[in-house]
Amino acid sequence: MNSIAQIDRYLIILIDTALAAAIILLLIRLVRYVRGRRARWEIEAKKSIRWSVMFDQLLREDGEAQAVTETFKKILDDLDQLIQLDLPESLTSLEALAKIGARLPEAMRRRLIELYKIYEPIRFGGINPSEREVEGFRKRIIELEKMYWTIMGESR
């Protein structure tokens with residue numbers, strides 16, 4: 001009887017040790033996951049957001065209409081990633097803007113709406129933007145970049 005009690009004790013110790021090891025391994029994985037996620041966020045946050053540079057390059061290479069539509073899409077994609085909404089691609093630009101804008105400061109939301117007002121007739125009306133619209137779009141992109149970097153804690 002004494003040996004059976006001793007075997008039971010050893011079995012309980014073995015099970016407790018296995019459970020403790022499993023808990024420790026899970027905690028290690030959790031810490032690595034959190035650190036990795038934080039590192040990915042920091043890398044993403046430090047990634048250079050230079051919509052104005054992209055816009056200027058597209059203006060030179062592809063023309064005004066293409067520059068406006070591609071840059072606006074990129075801005076929405078970058079802000080979606082920053083806010084981590086993971087919006088479905090089936091959303092229209094206006095729906096995406098509404099969801100993203102709801103999580104942004106009012107000034108950024110206003111700039112996005114102003115950009116959309118220039119983008120929408122170009123994208124859906126198939127017209128080329130006027131020189132005034134192109135300059136207005138570029139000006140608002142630069143303002144939006146400054147706001148973005150203010151939020152991220154950097155000056156550019």
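The values are calculated or read from the model by the stated rules, or taken from the named source; none is laboratory data. On a predicted model such as this, the values are computed, not experimentally measured, just so you know. All Cβ positions, glycine included, derive from the backbone under ideal geometry; neighbour counts span all protein chains shown.
Quick one: is D86 modelled with pLDDT under 95 and within 13 Å of the chain's Cα centre (by Cα)?
Considered against the rule, which asks whether it is modelled with pLDDT under 95 and within 13 Å of the chain's Cα centre (by Cα), D86 comes out as yes.
Could we say that R109 is assigned to a helix (DSSP H, G or I), in contact with an Asp or Glu (Cβ under 9 Å, 6 or more places away or on another chain) and surrounded by 13 or more Cβ atoms within 10 Å (Cβ to Cβ) here?
So R109 does not fit the description; no.
When the residues of segment 112-148 are narrowed to those that are touching a Ser or Thr at 6+ places or on another chain (Cβ under 6 Å) and surrounded by fewer than 18 Cβ atoms within 10 Å (Cβ to Cβ), which ends up nearest to Q81 (Cα to Cα)?
Among residues in segment 112-148 that are touching a Ser or Thr at 6+ places or on another chain (Cβ under 6 Å) and surrounded by fewer than 18 Cβ atoms within 10 Å (Cβ to Cβ), the one nearest to Q81 (Cα to Cα) is I142.
Here's a check for you: in segment 79-91, which residue that is in contact (Cβ under 8 Å) with a residue 24 or more places away in the chain and either out of contact with any Asp or Glu (no Cβ under 9 Å at 6 or more places or on another chain) or crowded, with 16+ Cβ neighbours inside 10 Å (or both) is nearest to F55 (Cα to Cα)?
Residue satisfying both the conditions and the ranking: L79.
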